[in-house]
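Everything below concerns the one structure shown next.
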Amino acid sequence: MPTDEFFYYKKDHLYCEDVKLADLAEKFGTPLYVTSKSSIVAQYRRFEKAFKPLNRLTCYSVKANYSLAVLRALAQEGCGFDVNSGGELFRALEAGAKPKKIIFAGVAKTRNEIEFALRSKVLFQKVESFSEMRAIDEAAKSLKTVAPIAIRVNPNVVAETHPYITTGNDEKKFGIDDALAEEALSLAATLKHVKLVGLAMHIGSQIFDAQAYLEALFKLLSVKALAESKGFDVKYLDVGGGFPITYRQTQPAPDIEVFAEKFIPLLKNQSAQIVFEPGRYIVGNASVILTEALYRKQNHRGKNFVIVDAAMTELMRPMLYEAYHDILPVERKEREIIIADVVGGACESGDFFALDREMPDVKEGELLAIFSAGAYGATMASNYNARPRAAEVMVSGKKAKLIRRRETYKQLIQNEEI
């Protein structure tokens with residue numbers, strides 16, 4: 001089980017904070033996302049403490065988990081937000097985020113999204129192409145304003161992570177190549193309705209090696225020096241996110257303090273405010289998915305299947321990345337250990353949570369908890385096979401609050417017409 005003091009066994013029953021998970025399943029049904037508010041707040045505070053020597057702005061990456069209750073909890077802590085769409089911006093604002101603590105990223109911002117960000121007066125929009133910079137300039141001109149922007153530099157650094165979540169090399173769609181930085185700065189200087197206020201980078205997710213960050217940082221700082229030599233006042237230096245969490249105990253993630261020790265000497269004397277974008281680090285281990293084992297099945301070769309009522313529609317990561325998530329019974333007791341596939345009911349062979357996993361021999365009707373579901377669980381959820389989206393509950397101490405109702409069949413078709 002991932003190290004998290006907020007999920008634990010007490011008298012052989014799995015708890016979230018002071019609430020028994022079996023009671024939540026009985027009250028709200030399954031599949032069910034259960035989130036610990038205290039875990040989120042503790043992770044945010046730990047991050048802030050680690051980087052305290054820096055003049056910083058921490059902008060939680062909304063894409064990781066955009067439940068309004070999660071965003072509200074972080075906004076109340078004074079956190080900023082990194083958004084990647086108009087919808088994420090809307091959610092952050094609805095949750096109480098301060099516009100001047102919001103940064104807007106994304107390679108494909110539409111005109112409507114750019115104007116929404118301008119009207120909302122976000123801190124800055126990140127520019128990821130020359131065309132986008134011109135589009136922001138045109139939108140700002142139409143609104144008779146000047147758009148604060150930060151150029152996202154692609155430092156062409158390959159981080160050791162899954163290829164689908166690496167973002168910092170020039171084979172990917174993100175940012176403007178560092179080799180084109182001078183050209184990008186020249187364009188910014190000619191446009192009258194954009195103002196360059198920052199530089200940004202992001203090299204990927206689940207990055208265990210701080211050295212990859214340092215290599216990218218040196219490149220970003222060289223672009224900063226170039227920008228300042230051309231007369232730009234770089235007020236913000238966005239170093240991205242990607243800080244890792246532990247998904248399995250045999251591969252523990254480095255502590256955030258390890259990254260802080262590397263970053264602080266390099267950044268503490270910078271005139272710019274340092275912007276961070278942690279997402280997964282804040283929420284990844286703050287949630288589990290409760291699911292019922294509906295059926296047990298064994299093929300003629302003796303292969304075991306545990307078929308549960310959750311599916312890829314609740315957690316896409318195993319299908320997308322062959323990602324590992326711990327899966328444990330909600331009731332702990334002496335059992336045989338079996339080797340089984342844990343699978344969902346979606347009509348795809350890739351709909352699995354674990355393959356050939358050593359696990360306790362659970363029976364039909366028992367509850368399982370799928371761990372580390374706080375990041376890219378509910379936000380990647382879908383209605384594939386016309387499955388209603390699962391409910392979400394947030395636990396705080398002894399209290400459990402429903403923060404998203406389970407979808408109904410009628411809600412599946414509410415925007416359609418025949």
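Summary table below
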quantity: Segment 58-77: number of residues that are surrounded by fewer than 19 Cβ atoms within 10 Å (Cβ to Cβ) and under 18 Å from L237 (Cα atoms); calculated: 0
quantity: First in segment 32-59 and within 24 Å of P265 (Cβ to Cβ), second anywhere and acidic (D, E), Cβ under 7 Å, 6 or more apart; calculated: Y44/E77; A50/E257; T58/E48; C59/D82; C59/E277
quantity: Pairs, first touching a residue at least 40 places away in the same chain (Cβ under 8 Å) and surrounded by 14 or more Cβ atoms within 10 Å (Cβ to Cβ) in segment 332-354, second in a strand (DSSP E or B) and among the hydroxyl-bearing types (S, T, Y), C-beta under 7 Å, six or more apart; calculated: R332/Y9
quantity: Filtered residues of segment 228-249 (kept if surrounded by fewer than 22 Cβ atoms within 10 Å (Cβ to Cβ) and small (G, A, S)); calculated: S229, G231
quantity: Search result, residues across segment 2-48 that are assigned to a loop (DSSP other than H, G, I, E, B) and crowded, with 18+ Cβ neighbours inside 10 Å; calculated: P2, D4, F6, E17, T30, P31
quantity: Filter pass, A386 being at pLDDT 95 or above and in contact with an Asp or Glu (Cβ under 8 Å, 6 or more places away or on another chain); calculated: no
quantity: Every residue from segment 301-318 that is buried (at least 19 other Cβ atoms within 10 Å of the Cβ) and either small (G, A, S) or within 21 Å of T250 (Cα to Cα) (or both); calculated: A310, A311, R317, P318
quantity: Selection from segment 140-154 of residues that are surrounded by 24 or more Cβ atoms within 10 Å (Cβ to Cβ) and more than 22 Å from A97 (Cα to Cα); calculated: I151, R152, V153, N154
quantity: The listed residue being farther than 24 Å from G80 by Cβ and either in the same structural domain as I264 (by TED's automatic domain parsing) or buried (at least 17 other Cβ atoms within 10 Å of the Cβ) (or both), out of A210, A181, A200; calculated: A181
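The values are calculated or read from the model by the stated rules, or taken from the named source; none is laboratory data. Bear in mind the structure is a predicted one, so any value in this text is a computation, not a measurement. Positions of Cβ are generated from backbone atoms using ideal geometry, with glycine treated the same way; all protein chains shown enter the neighbour counts.
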